[in-house]
Amino acid sequence: MIMLPEAAEQRQALLNFLWPYVTEERQYKLLQVLDHRTRYLSLAVEDLFKEQNASAIVRTADLMGVQDVHIIEKYHRYRIQKGISSGSHKWLSTHVYNDPAGMSTPKCIKALKTAGYRIVATSPHKDAYTPDNFPIEGGKFALIFGSEKTGLSEEAFEAADELIRLPMVGFTESYNVSIAAALLSDHLIRRIKASDSIHWRLSDEERRDILIDWSLKSVRRPDALVRYFLNDIDK
């Protein structure tokens, strides 16, 4: 793991140092993608065991501009098929909760609530909000999706601040979890970005730190460059 400076001034200096090593074409792409990134909406998944679903949700997050994916591992490891994710996991901020004492879900929910997120559980309940009437102006929120077989755990439902459902008119009981994540994310992201009152874009500090991460993933021998930078500022 590459150790980065903590001070804001040094982080900005590191970005300034790294940026010329990134090709102009990649610089343009990074800035273009970053302009559409948000942390107003985040995704959380609880104990998925099918690699294709885990990979598809990561890819959805990237394509929708959702920067953070929170991964709860209870009985299954969250494994990604690179062919399905198409490398999108490299550009996201992933947070993994794997607690041997069985507290993975509570730890994830606590972390999200501490960061100011509303917990929105996906549910087929008829009294849940729909993507059309969900109160997006109530503050940033995290959509939490459950396992393919059993859905969300009771502890996740009990901790949820709101419920949301996708309207269904067929015989099948529910959507595939990766499809549900894509449909909900797409609808809610469109509403968020169309709002005049929601500040959904990343802060300057968030942009800086993400650009540092992305720059390090775009250059050769990033560890050597960081060591050179740190040695230089220590002189």
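The values are calculated or read from the model by the stated rules, or taken from the named source; none is laboratory data. Since the structure is predicted, the reported quantities are computational estimates derived from the model, not experimental observations. Neighbour counts are summed over all protein chains in view; Cβ atoms, including those assigned to glycine, are modelled from backbone coordinates with ideal geometry.
Going by the structure shown, is A61 assigned to a helix (DSSP H, G or I), in the same structural domain as R190 (by TED's automatic domain parsing), under 20 Å from Y117 (Cα atoms) and touching a strand residue (DSSP E or B) at 6+ places or on another chain (Cβ under 7 Å)?
yes
The rows are residues; the columns are (1) in contact with a Ser or Thr (Cβ under 9 Å, 6 or more places away or on another chain); (2) not polar (S, T, N, Q).
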site: L166; (1), (2): yes, yes
site: E173; (1), (2): no, yes
site: N176; (1), (2): no, no
site: A182; (1), (2): yes, yes
site: W200; (1), (2): yes, yes
site: D204; (1), (2): no, yes
site: L211; (1), (2): no, yes
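Quick check on R26: is it of a type in the set (D, E, K, R), under 17 Å from I210 (Cβ atoms), buried (at least 16 other Cβ atoms within 10 Å of the Cβ) and at pLDDT 95 or above?
No; evaluated as a whole, the condition is false for this residue.
I'd like the full set of residues that are of a type outside the set (S, T, Y), in a loop (DSSP other than H, G, I, E, B) and over 12 Å from I119 (Cβ atoms), limited to the range 143-191.
Of everything in the range 143-191, those that are of a type outside the set (S, T, Y), in a loop (DSSP other than H, G, I, E, B) and over 12 Å from I119 (Cβ atoms) turn out to be G146, E148, K149, R165, L166, P167, M168, V169, G170, F171, E173, N176.
Of everything in the range 39-58 that's charged (D, E, K, R) and either in a strand (DSSP E or B) or in contact with a strand residue (DSSP E or B) (Cβ under 9 Å, 6 or more places away or on another chain) (or both), which residue is surrounded by the most Cβ atoms within 10 Å (Cβ to Cβ)?
Step one: list which residues in the range 39-58 are charged (D, E, K, R), which gives 39, 46-47, 50-51.
Okay, now just the ones that are also either in a strand (DSSP E or B) or in contact with a strand residue (DSSP E or B) (Cβ under 9 Å, 6 or more places away or on another chain) (or both), so 39, 46-47.
Numbers: R39: 21, E46: 27, D47: 23.
The extreme case among them is E46.
When the range 200-235 is examined, which residues are found to be part of a loop (DSSP other than H, G, I, E, B), without any contact (Cβ under 8 Å) to a residue 60 or more places away in the chain and within 16 Å of R37 (Cα to Cα)?
Of everything in the range 200-235, just one residue is part of a loop (DSSP other than H, G, I, E, B), without any contact (Cβ under 8 Å) to a residue 60 or more places away in the chain and within 16 Å of R37 (Cα to Cα), namely S203.
Which one of the conditions (1) modelled with pLDDT under 90; (2) within 18 Å of the chain's Cα centre (by Cα); (3) in a loop (DSSP other than H, G, I, E, B) does H36 fail to meet, given that it meets all the rest?
Answer for H36: the failing condition is (1).
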